[in-house]
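In what follows, a single structure is set out as structure tokens and then discussed.
The values are calculated or read from the model by the stated rules, or taken from the named source; none is laboratory data. All figures in this text were calculated on a predicted structure; none of them were measured in a lab. Cβ placement follows ideal geometry from the backbone for every residue including glycine, while neighbour counts extend to all protein chains displayed. These accessible areas exclude ligands, DNA and RNA; they are computed on the full protein's heavy atoms, side chains included. Shrake-Rupley method; radii C 1.70, N 1.55, O 1.52, S 1.80 Å.
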Amino acid sequence: MGAGEVGFHLARSLSRQGHDVTVIEVNPATIERIEDELEVRVVRGNGSRPAVLARAEVGKCDLFMAVSSSEEANLTAALIAKQTGAQRTVVRISEAEEVIHDRRLYEDLFGVDLLLSTELLTTIEILNEIRGLNTMAVEYLAGGKVQLRKIDLDEDSPLTQLPLHDVELPDDSLVVGFFHGDSMTIPSADHRAEPGDQALVLGTTEAIGKTERFLASAQVELGTIVIAGGGSTARTVAKALEPFRADVRLIEQDRSVAKQLSQEFPRYQIIHGDPSELALLKAERVDRARTFAALSAHDETNLMASLMAQELRVPQVLALVQRAETSHLWRRLELQSVFSPRQLAYRRIREYIDSDYSANIVSLTRGAMVVERRLAEASPAAGVTLAEIKPPDGMIVGAVARGDRVFVPGGDDRLEVGDLIILFVREEEVATMRLLFPGRERVLSGG
Amino acid sequence: MNFRPASRFLGRLILLLAATELAPALCALAYGEIADARAFAISAILTGASGLVLIRLGGSSGELYRREGILIVVGGWVLASVFGAVPYMTTGTLLSPLDALFESASGFTTTGASVMTDIESASRAVLFWRSFTQWLGGMGIIVLFVALLPELGPGARFLYKLEVPGPSAEALQPRIRETAAILWKIYLLFTAVETGLLMLVGMDLYDALTHTFSTMSTGGFSPRNASVAAFQSPLVDVIVIFFMICAGTNFSLYYRLKQRDGWNLFRDTEFRLYIIILAVVTVVIGWDLLRYQTYTEPARAGLDSLFQVVSILTTTGFATADFDGWPVLSRVLLVALMFVGGCAGSTSGSMKVMRMVIGIKTALREVKLIFNPNAVISIFVGRKPVPDSVARSVAGFFILYLSTWGLGSVLLSVSGPDLVTAATAAAATLGNIGPGLRAVGPTMNFALFDAWDKALMVLLMLLGRLEMYAIAALFTRSFWKP
């Protein structure tokens, strides 16, 4: 449903692969374009109306994707589709906060199988870029209370000097995996990492910063980060940067928006002005920044601002582009790090479909998965301590959320019915995991 | 301007005041002061009759808007002061109407400045009334009225805000009436506990009750000539110090204490700063007193320093020592404290710690903006952002407060006292503190001033209690225009 940029690209590639695609769209111009270019069935009308959905026969489909730009319409449509018999639903929403905090609520209330936020996807990509990691830098689990971070290890890190069981990590954190090249392992107790490896660390939001500083002796110095624009993507990125203690400056054109930003981010410097004005950028010493991120909602402003930043020789320039088809033009101007939210959403959904709707964190790795489970009464693990369960080598119970409390369990901790458990499992052990923790599989990732 | 509903409202307020005058009448009967009992009864009848007349003149028609609200609050305080003065005259304690008005206004505004030269010569009932008016004025007569009258509706919120001290009055409950009731309940609880404790260390019921009234309201009237020093008891000092500190604290903190989510008072930025100011100034003054050998015993110096500092900072005005004779640093520090006051939402007067914090931060923001004009900076107190409208109102308050103090000092010096007397008398009345220095020092009184000065000080006391804006509004021309 919805054949905007995300929907159009999805429809094209899926139909080329031989899937039967039906597109629900209301805009006549878009419909004309679809009928000209794509080999799909088109249903005209508002996709959040039951009658329109019935005409599209959503009850019979394997996958229903609500990817229009209207969050409310997407949720309504997905709810109706699921109720009338659609196998799976994918819903696109804009705000990142919703996905971080209330994903479960959406899954339970609306029966959404994959909830993705273009903003969160973009934020995570940008964060990866800023931190210089080629894949996932941060994931939010259990309503944002638990974070997963990838940390570069050098020869000075405790993890490369000692076997895992001799490293005393700060409380409420846990090493759940190591990346060696492209492959990820779920470690056994005597595992010792090599310099150049990356550790995947899980911890509560309070603990993880400390753990990262403990493990990565050579600190990733984020330096000064200038963000142009104060829209929702800029805010989400700024918020995500908070735990990294970076020196962040936000430039916003609208005074009242700037005012709001200054109340939301007491530690950041908020500057009122036009980010595409060279004089302002010079006055604010943007030339000394390490990163310049043009994240306003307007492509033109972002383009101008990034060119200015390039002129001032800022080492890293990032830009947000709404119109994905123009990104090659940006590259021609030597602006390499261009992020298109719609393209990212499209890619995420493709990954979901290509991986056969599996519960894998696709952005994590191949061969291992992260699963979030609500402990059912039928589970043999209910009421038993972790030591008694004796999880096999390829499986780690990463974190437990009980009521408002989140903790990383030790051997003496007892699992209770109703606990939300985050598991890290190697593919071979998936069967064991299903035995110990029966329940519905859920997709876990930033989007 | 809609006078009719305002008049009805004020009439009921005066009726309530008439009822409170029966308390000292009972007190007079208990102590066998029959003449005074009659005098209070006459005063209550006079007051009640005036209230009825106002109700008759008024009507229930017409809405209460902001202008009417301001008129009611200011009118309420003026009328309370006027009718509260009647008993001083009917009992023959103070014969001059202006003296009676000064004493009454000083009571309701919790200032504690007195024109009585020999307090102990007055009857027990009159001294009870003196302390009782402070207790009524401490938590606020309008707040009491709002708590008791259910039918005020949304208009009550504005009245409440005008009377509760501090830059932004917090509502604890969706209905302002419930908020007002909660505040009065907390106030009553503290009053009961302090009275009980004072009796436990040997005071009789009368002394315990009157001193509690003046402590919890941060008023400072004592039925003794020597104030709290009359008891010569460190235990009494400590109890009074503790409850003065309690009274100078934001009362909504106690409510949150009960709700369990704010068990640690020190998490509140304002409270933390309030205690830090108390501690630091106490130590410095204690050191100063020992340095010049005003005191030889460190314990005594410490206790007296603490008592005086708490008494002035919370704007109570009790005294256990004649600080007018203290070294210059100590005196200057005490005068500086007169301009600080307790926390917002407490019963204390003056500018309030919260306004100091916001005011200083606003000024610092301007400093930063000098070299960084494009920056947008929000002011935070604790982790809460302060809206710009509040910051602006605080800056305006600073200017109004300080210029009123300056003007007041000039006008008080016309009659020819010395500089220190005039300046501290203005600060002590505007800040609702009570004693100042020199001729208005803790062992002196305000009887020396002439009629004009006393009238001016009544105005200063009311301006201070209602925190400038409401009364200042009456002096603008556009307020009276439709």
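Of all residues in the range B:441-467, those that are hydrophobic (A, V, I, L, M, F, W, C), part of a loop (DSSP other than H, G, I, E, B) and surrounded by fewer than 21 Cβ atoms within 10 Å (Cβ to Cβ) total 3.
What number of residues within the range A:198-212 are open to solvent by 10 Å² or more (accessible area, probe 1.4 Å) and either in a helix (DSSP H, G or I) or of a type in the set (D, E) (or both)?
Number of matching residues: 6.
With the requirement that a residue be buried (at least 16 other Cβ atoms within 10 Å of the Cβ) and either part of a helix (DSSP H, G or I) or modelled with pLDDT of 80 or more (or both), what does the range A:422-434 give you? A:E429, A:V430, A:M433, listed by residue number.
Listed here are the residues, each with its yes/no results for (1) more than 27 Å from B:T429 (Cα to Cα); (2) among the aliphatic types (A, V, I, L, M); (3) out of contact with any helix residue (DSSP H, G or I) (no Cβ under 8 Å at 6 or more places or on another chain); (4) modelled with pLDDT under 95.
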{"residue": "B:A181", "(1), (2), (3), (4)": "yes, yes, no, yes"}
{"residue": "B:P223", "(1), (2), (3), (4)": "no, no, no, yes"}
{"residue": "B:P234", "(1), (2), (3), (4)": "yes, no, no, yes"}
{"residue": "B:F243", "(1), (2), (3), (4)": "no, no, no, no"}
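Scanning the range A:108-161 for residues that are in contact with a Lys or Arg (Cβ under 7 Å, 6 or more places away or on another chain), assigned to a loop (DSSP other than H, G, I, E, B) and at pLDDT 75 or above yields A:G111, A:D113. Of all residues in the range B:366-379, those that are buried (at least 16 other Cβ atoms within 10 Å of the Cβ) and either more than 10 Å from chain A (Cβ to nearest Cβ) or under 29 Å from B:G464 (Cα atoms) (or both) total 2. The residue pairs whose first member lies in the range A:248-265 and is at the interface with another protein chain (Cβ under 8 Å from one of its Cβ atoms), whose second member is open to solvent by 40 Å² or more (accessible area, probe 1.4 Å), and whose beta carbons are closer than 6 Å, counting only pairs six or more residues apart or on different chains, are A:R255/A:H272; A:A258/A:H272; A:S262/B:I377; A:Q263/B:P385. Among residues of the range A:49-63 that are farther than 16 Å from A:V21 by Cβ, those with a beta-carbon under 6 Å from a residue that is of a type in the set (A, V, I, L, M) and assigned to a helix (DSSP H, G or I) at least six positions away or on a different chain give the pairs A:P50/A:I80.
Pick out the one residue from B:D418, B:D450 that is under 15 Å from B:V115 (Cβ atoms) and touching a residue at least 12 places away in the same chain (Cβ under 8 Å).
Numbers: B:D418 fails: under 15 Å from B:V115 (Cβ atoms).
Only one candidate qualifies: B:D450.
Checking each residue in the range B:382-393 for being more than 11 Å from every other protein chain (Cβ to nearest Cβ) and under 19 Å from B:T269 (Cβ atoms) picks out B:V390, B:A391, B:S393. Taken together, B:L95, B:L46, B:L13, B:L71 contain a single residue that is open to solvent by 40 Å² or more (accessible area, probe 1.4 Å) and outside any loop (DSSP other than H, G, I, E, B), which is B:L46. Within the range A:376-413, being under 23 Å from A:I208 (Cα atoms) and assigned to a strand (DSSP E or B) holds for A:M395, A:I396, A:V397, A:G398, A:A399, A:V400, A:A401, A:R402, A:R405, A:V406, A:F407. The residue of the range B:325-357 that is farthest from B:L188 (Cα to Cα), among those that are buried (at least 24 other Cβ atoms within 10 Å of the Cβ) and of a type in the set (V, I, T), is B:V353.
Within the range A:266-277, the residues that satisfy the criterion of being buried (at least 16 other Cβ atoms within 10 Å of the Cβ) and either outside any loop (DSSP other than H, G, I, E, B) or facing chain B (nearest Cβ under 7 Å) (or both) are A:Q269, A:I270, A:I271, A:H272, A:G273. Each residue in the range B:407-440 was checked for being assigned to a helix (DSSP H, G or I), over 24 Å from B:Q308 (Cα atoms) and open to solvent by 30 Å² or more (accessible area, probe 1.4 Å), and 6 of them qualify.
Being open to solvent by 50 Å² or more (accessible area, probe 1.4 Å), assigned to a loop (DSSP other than H, G, I, E, B) and within 24 Å of A:L222 (Cβ to Cβ) is the filter; apply it to the range A:278-299 and report the residue that is farthest from the other protein chains (Cβ to nearest Cβ).
Among them, the one singled out is A:R290.
Filtering the range A:300-343 to residues that are assigned to a helix (DSSP H, G or I) and of a type in the set (V, I, T) leaves A:T301, A:T326.
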